[in-house]
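Each remark here refers to the structure printed beneath this line.
The values are calculated or read from the model by the stated rules, or taken from the named source; none is laboratory data. The shown structure was predicted, so the numbers you read here are calculated from the model rather than taken from an experiment. Cβ: placed from backbone, ideal geometry, glycine included. Neighbour counts: every protein chain shown. For accessibility, only protein heavy atoms count, side chains too; no ligands or nucleic acids. Shrake-Rupley method; radii C 1.70, N 1.55, O 1.52, S 1.80 Å.
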Amino acid sequence: MKYINKRLTVEKVNFQRIAKKFGTPFYCYSFSKLRENVNKFKNNFKSFSPLICFAVKSNTNVYLIREIKKFGLGADVVSLGELMMALKAGIKPNKIVFSGVGKTFDELKFAINKKILLINAESLSEIMVINKIAKLKNKKVRVGIRLNPNTDAKTLKQISTGKKENKFGVNKNTFQKIVDFCKNSKNIDLKCLSVHIGSQILDHKPYEKMLNSVSQILGKTNHKFEFIDLGGGMGINYSDKKESLNYKKYNAAINNFLKKHKVKIIFEPGRSIIGNTGTLISRVIYIKDSGKKKFIILDAAMNDLMRPALYGAFHRTLPVIKSNKISNKTYEFVGPICESTDKFITLKKFQKLKEKDLIAICDVGAYGMSLSSNYNLRPKPIELLIKGSKINIIRKRQKHTEII
């Protein structure tokens with residue numbers, strides 16, 4: 001995105017033109033940014049050519065998943081719905097990994113029938129259910145075990161997944177019990193050790209600590225794993241601070257790990273692939289002066305973008321048409337929903353706004369639409385994919401009649 005003649009533009013189309021044609025609010029994705037992100041991720045780890053499985057939970061739009069599939073990526077799924085969506089998008093079963101702490105009997109049966117690459121189990125109980133289904137079907141099922149390495153990712157506690165107090169994975173003792181169980185089973189083929197320590201990680205050091213924990217476990221466990229699934233969690237820059245993960249150091253740490261352990265690496269990136277491709281465009285409905293600040297009431301709300309209300313996430317917010325006039329009052333950008341948490345951001349020294357102006361909320365490609373809802377019976381917004389000067393509708397705006 002950039003300003004051209006003071007109008008915020010994505011690729012070759014300005015947002016004002018899109019809003020005029022499709023109305024607001026709307027989600028808009030840049031194809032060129034998506035392609036750039038995928039190529040950058042591949043290049044960062046080209047020395048060992050990992051299997052890259054896109055985390056479908058970050059964005060469930062089938063058209064976007066199809067585009068991602070064309071770049072050679074697989075899928076990381078955490079539910080039956082996500083598995084079905086990945087298959088619908090054309091991703092081959094041998095490139096799909098099924099994660100998650102609470103897979104049901106029916107979900108596991110479906111995954112086994114589809115012969116996906118791996119089911120990453122997160123408890124001994126789950127392994128026993130997989131074994132039961134595999135026996136009934138007289139099949140041998142490829143599985144992984146998710147280890148909880150007790151590694152602090154130094155990120156928001158709401159999106160930390162690798163500490164011992166988190167629900168994810170198993171501890172070292174349970175890990176060994178599961179390995180022993182799998183060795184004695186004729187229906188389970190233990191292929192993978194899996195880890196995932198959190199999300200929005202911008203420091204390579206937690207990853208280094210995670211790799212050390214995995215290396216220690218491999219040294220003690222008398223089992224030859226074909227895959228090590230390192231999860232995802234690579235963060236993006238949501239602010240103007242230009243923070244970024246040092247991929248060179250993470251790559252070096254993995255290469256050192258691979259000198260000791262001859263395995264195939266799997267990644268499960270979501271945010272780093274799709275996060276900064278997306279923008280939510282909203283129109284100012286009303287401006288309400290409360291004395292110390294002004295409430296900028298938008299037609300987008302927390303049902304459209306849940307992250308700020310859910311865990312105080314920050315998203316850069318920009319005017320669609322730029323001016324040099326700055327407000328002397330603090331602006332608080334809010335939505336129309338009947339909750340005090342329906343608030344996006346509070347900013348000082350923002351440019352002066354008037355009612356009907358357009359606002360761009362940036363970097364919403366990950367966990368934007370996938371966390372959206374119909375709260376207050378609000379229809380979900382339209383989604384658009386921009387390729388150069390072409391605007392593609394990839395999900396129609398929902399109608400009230402469809403939800404009532």
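For the reader, a short list of remarks on this structure follows.
- Selection count, segment 387-404, where residues are in contact with a strand residue (DSSP E or B) (Cβ under 9 Å, 6 or more places away or on another chain), in a loop (DSSP other than H, G, I, E, B) and among the charged types (D, E, K, R): 2
- Hits in segment 197-210 (condition: closer than 21 Å to A121 by Cβ and at pLDDT 90 or above): M210
- Segment 197-229, residues that are assigned to a loop (DSSP other than H, G, I, E, B) and in contact with a strand residue (DSSP E or B) (Cβ under 7 Å, 6 or more places away or on another chain): H223, F225, E226
- Residue within segment 362-377 that is among the hydrophobic types (A, V, I, L, M, F, W, C), in a strand (DSSP E or B) and either closer than 22 Å to G291 by Cβ or open to solvent by less than 50 Å² (accessible area, probe 1.4 Å) (or both) present: yes
- Within segment 332-355, if we keep just the residues that are among the β-branched types (V, I, T) and not in a loop (DSSP other than H, G, I, E, B), the residue that is surrounded by the fewest Cβ atoms within 10 Å (Cβ to Cβ) turns out to be T346.
- Qualifying residue in segment 29-36 (condition: assigned to a loop (DSSP other than H, G, I, E, B) and at pLDDT 95 or above): no
- Matching residues, segment 217-253, being within 21 Å of the chain's Cα centre (by Cα) and either of a type in the set (A, V, I, L, M, F, W, C) or closer than 17 Å to E122 by Cβ (or both): I228, D229, L230, G231, G232, G233, M234, I236, L245
- Meets criteria (modelled with pLDDT of 90 or more, open to solvent by 20 Å² or more (accessible area, probe 1.4 Å) and touching a strand residue (DSSP E or B) at 6+ places or on another chain (Cβ under 7 Å)) for D180: no
- Test result for G270, touching an Asp or Glu at 6+ places or on another chain (Cβ under 6 Å), at pLDDT 95 or above and surrounded by 14 or more Cβ atoms within 10 Å (Cβ to Cβ): no
- Output for segment 372-404, where each listed residue is at positive phi and not hydrophobic (A, V, I, L, M, F, W, C): N376, G388
- When the residues of segment 306-327 are filtered to those that are among the hydrophobic types (A, V, I, L, M, F, W, C) and over 24 Å from E355 (Cα atoms), the one that is surrounded by the fewest Cβ atoms within 10 Å (Cβ to Cβ) is L310.
- Every residue from segment 71-109 that is assigned to a helix (DSSP H, G or I), open to solvent by 60 Å² or more (accessible area, probe 1.4 Å) and farther than 24 Å from I265 by Cβ: M84, K88, F105, D106, K109
- Qualifying residue in segment 5-12 (condition: part of a strand (DSSP E or B) and open to solvent by 40 Å² or more (accessible area, probe 1.4 Å)): yes
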